[in-house]
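Enquirer: This is the structure I want to talk about, given as structure tokens.
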Amino acid sequence: MTRLSLLKPAHIRKFQKTVYDYHRKYGRILPWRKTADPYKILVSEVMLQQTQVSRVIDRYQQFVNTFPTIKFVASSSLHEILFVWKGLGYNRRAHSLKRLAEIIVTEYNSRIPSDFELLVNLPGIGKATANAILAFAFKKPVVFIETNIRTVYIVHFFDGRKSVDDNEIYPLVAQSLDMQKPKEWYSALMDYGVFLKKKFSNPSRKSTHYKKQSPFKGSNRQVRGKIIRILVEEGRLTEKQLLERVTFREEMVRTNMKKLKGEGLIIKKGKYIIIG
């Protein structure tokens, strides 16, 4: 199939039926699917970036219970936010969530924007996340791709292909989109994609956009995570104390401390290092 291929109406109906039939029988019950609150949906989409659903569920519930509105996030300290965020990793997302909350409260009267350009210009919100928020929070029939959606289209429309580009998938997503029920459609697509990944051993590897994640153990990600975790637990430490607690090569720890300071996740206050 080429990127210019057009789906016939009968083909679209058959494809939609396959996806919806699976979802009706085996659809996942997820807490962020039970709400119409754009704030809670935004939180879930930020948490789900590069993180498995199973790891997000408990943290999501704890987060929205602790910070029930965007105003609570904006007025809370980064330390308080990271304390609840613990275990999710990619702590930069928590920092971005606080920054975007402050912008939404001050510039948009605490209302989550329902405009793509406004959303995508917020800290930590890329194109796919912005469109996911529009589809799930505002039921807008936008076109976007994430890993499970990509899997569905590769399996159904690119059988036998070893390499598939998203530019070939986008037109198919647009043609087969349920314009009347985008929220339900994308939920169904994602659930079906999870199933297909298990059945066909992750077909997303055929995507030109596929990147195998580097090992976590011994990585800069692990060092950054440990620095943040220790500071969240301890509150404040001198540089010497922190270097003693983070049991990695000193040069590696110092490099990551410098990067975390540059990103505003940690700061030096007097002789102590604290969460920014």
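Bear in mind that the values in this text are calculations on the coordinates, not laboratory data. Just so we're clear, the structure is a prediction, and the values are computed from it rather than from any experiment. Reconstructed Cβ throughout: ideal geometry from the backbone, glycine too, with neighbour counts over all protein chains shown.
Enquirer: Given all pairs of different Cα atoms, what value in angstroms does the Kirkwood hydrodynamic radius of the chain take?
Expert: The Cα-based Kirkwood calculation yields 20.5 Å.
Enquirer: Then there is this: If r is the Cβ-Cβ distance from residue 11 to residue 102 and R0 is 41 Å, what FRET efficiency results, to the nearest 0.05?
Expert: 0.30
Enquirer: Also, I was wondering about something else. Using the Cα centre as the reference, give the magnitude of the dipole from point charges on the C-beta atoms of the stretch 111-270 (Lys, Arg: +1; Asp, Glu: -1; all else neutral), rounded to the nearest 20 debye.
Expert: In total the dipole reaches around 700 debye.
Enquirer: Still on this structure, please answer the following. List the equivalent ellipsoid semi-axes of the stretch 1-102 in whole Å, largest first, each obtained as the square root of 5λ for an eigenvalue λ of the Cα gyration tensor.
Expert: 35, 16, 13
Enquirer: Using +1 on the beta carbon of Lys and Arg, -1 on that of Asp and Glu, and nothing else charged, what's the dipole of the stretch 31-138 about the Cα centre, debye to 20?
Expert: In total the dipole reaches around 300 debye.
Enquirer: If you don't mind, another one. Given Cα pairs under 8 Å that are at least 6 residues apart, what percent is the relative contact order of the chain?
Expert: Numbers: 314 pairs, mean separation 52.4, N = 276.
Contact order relative to length: 19 percent.
Enquirer: Sticking with this structure for a sec: With no solvent and one point per C-alpha, what does the Debye sum give as log10 I(q)/I(0) for the stretch 220-275 at q = 0.16, 0.20, 0.21 Å⁻¹?
Expert: -0.37, -0.60, -0.67
Enquirer: Along the charge dipole of the chain, pointing to its positive end and built from +1/-1 on Cβ of Lys, Arg, Asp and Glu, which listed residue (216, 70, 128) has its Cα farthest out?
Expert: Going by the charge dipole, the pick is 216.
Enquirer: Okay, next question. So, by mean Cβ neighbours within 10 angstrom, what's the order for 184-196, 226-238 with the highest one leading?
Expert: On the way: 184-196: 20.8, 226-238: 17.3.
Result, highest mean Cβ count within 10 Å first: 184-196, 226-238.
Enquirer: So what does log10 I(q)/I(0) come out to for the stretch 109-251 at q = 0.09, 0.20 Å⁻¹, using the Debye formula with one equal point on every Cα and no solvent?
Expert: -0.45, -1.11
Enquirer: Moving to a separate point now. Take the alpha-carbon centre of the stretch 35-97, take the same for the stretch 178-193, and report the distance between them in whole Å.
Expert: The distance from the Cα centre of the stretch 35-97 to that of the stretch 178-193 comes to 23 Å.
Enquirer: Would you mind calculating the relative contact order of the stretch 107-231 from Cα pairs under 8 angstrom and at least 6 residues apart, reporting the percent as a whole number?
Expert: Relative contact order comes out at 25 percent.
Enquirer: Still on this model: To the nearest 10 degrees, how steeply does helix 38-47 sit against the main Cα axis of the chain, on a 0 to 90 scale?
Expert: That works out to roughly 80 degrees.
Enquirer: Kindly express, to the nearest 10 degrees and within the range 0 to 90, the angle between helix 182-199's C-alpha long axis and the longest C-alpha principal axis of the chain.
Expert: 90
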